[in-house]
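These notes are about the structure you will find just below.
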Amino acid sequence: MPACASTNSEAQSLIVQNRASEGCTIITDFQTAGRGQRGNQWEGAPAENLMMSVVWQPTFLAAPEQFRLSQTVALGVHDWAQTLLGPAPKLKLKWPNDLYYGDQKLGGILIENTLSGAKIQYSIIGIGLNINQQEFAVPTATSIAKVTGRSYQRDALAARLLEYLERRYLQLRAGQVGALRREYLQALYRYQEVHSFIIDGQTVSGQIVGVEDDGRLAVAIGNELRRFGLQEIRHA
């Protein structure tokens with residue numbers, strides 16, 4: 001569709017109307033009210049980037065296992081980016097699931113789950129990726145085109161991305177949780193490196209040592225191992 005408020009909202013509407021089968025995908029040229037992690041708004045130039053939402057029905061996952069889905073989607077996006085950028089050491093996944101090249105953001109993921117009892121009934125996988133955009137309001141953003149110096153046909157990229165997402169989803173369905181976890185850590189931004197973080201408004205030095213099953217970030221600060229939720233820590 002040419003434009004919508006949010007592809008995740010469009011997907012939710014289809015679910016409510018019982019019109020969203022598994023794999024249903026909404027793609028738009030422009031979002032007027034795109035949403036990001038931490039309640040942020042997703043901003044992108046019209047018809048230059050890839051903004052999409054995919055509906056999955058991971059009813060095999062229990063509610064406490066939601067982060068497995070986050071890892072799966074992030075790895076699918078990372079796989080897709082590698083086909084464009086090669087096995088670039090700068091290509092990383094910033095916790096929980098942003099795509100980064102060096103210290104600049106290439107894209108983000110917002111997953112919204114609907115529960116039925118103790119199981120996940122529906123997942124709306126919202127993905128925003130900077131493809132052809134050249135100018136950004138913030139210096140911490142970049143695009144595939146800026147990195148490679150060429151422009152892209154977005155429809156072809158979207159089709160390829162869906163293939164890589166499906167491969168990872170089938171891996172999750174097959175119960176290959178350990179392999180997904182290991183690969184996620186291998187691709188994790190600043191993993192096992194000493195860096196500055198902002199915690200409770202204070203800047204501290206720490207080292208990411210892992211991610212808990214519930215998605216909390218495990219950081220070694222001095223002699224203490226602490227675990228943080230999404231709203232509790234930021235990279236400085």
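The values are calculated or read from the model by the stated rules, or taken from the named source; none is laboratory data. All values reported here derive from a predicted model rather than from experimental measurement. All Cβ positions, glycine included, derive from the backbone under ideal geometry; neighbour counts span all protein chains shown. Protein only, heavy atoms only, side chains kept; ligands, DNA and RNA dropped before computing areas. Shrake-Rupley method; radii C 1.70, N 1.55, O 1.52, S 1.80 Å.
Which of the following residues is among the hydrophobic types (A, V, I, L, M, F, W, C) and either modelled with pLDDT under 95 or assigned to a helix (DSSP H, G or I) (or both): V55, V73? Criteria check complete, one pass: V73. On the given criteria, is R190 open to solvent by less than 60 Å² (accessible area, probe 1.4 Å) and at positive phi? Judged against the criteria, R190 is a match. Here A45 clears all of (1) surrounded by fewer than 17 Cβ atoms within 10 Å (Cβ to Cβ); (2) out of contact with any strand residue (DSSP E or B) (no Cβ under 8 Å at 6 or more places or on another chain); (3) at pLDDT 95 or above; (4) among the aliphatic types (A, V, I, L, M) except the condition numbered (3). Looking across segment 78-108, the residues that are surrounded by 21 or more Cβ atoms within 10 Å (Cβ to Cβ), within 23 Å of R216 (Cα to Cα) and of a type in the set (A, V, I, L, M, F, W, C) come down to L93, W95, L99, L106. So how many residues does segment 142-164 have that are outside any helix (DSSP H, G or I), surrounded by fewer than 19 Cβ atoms within 10 Å (Cβ to Cβ) and at negative phi? Result for segment 142-164: 4. So, T114, is that one β-branched (V, I, T), in contact with a Phe, Trp or Tyr (Cβ under 8 Å, 6 or more places away or on another chain) and part of a strand (DSSP E or B) or not? Judged against the criteria, T114 is a match. Among the residues of segment 226-236, those identified as touching a strand residue (DSSP E or B) at 6+ places or on another chain (Cβ under 9 Å), open to solvent by 30 Å² or more (accessible area, probe 1.4 Å) and not in a strand (DSSP E or B) are L230, E232, A236.
Considered as a group, the residues in segment 117-134 that are outside any strand (DSSP E or B) and touching a strand residue (DSSP E or B) at 6+ places or on another chain (Cβ under 7 Å) include one that is surrounded by the most Cβ atoms within 10 Å (Cβ to Cβ), and that residue is N130.
Per the conditions (1) at pLDDT 95 or above; (2) in a loop (DSSP other than H, G, I, E, B), the sole criterion not satisfied by A137 is (1). Pairing each residue of segment 109-123 that is over 16 Å from A11 (Cβ atoms) with any residue that is of a type in the set (V, I, T), provided the two are 6+ apart or on different chains, yields C-beta distances under 6 Å for K119/T59.
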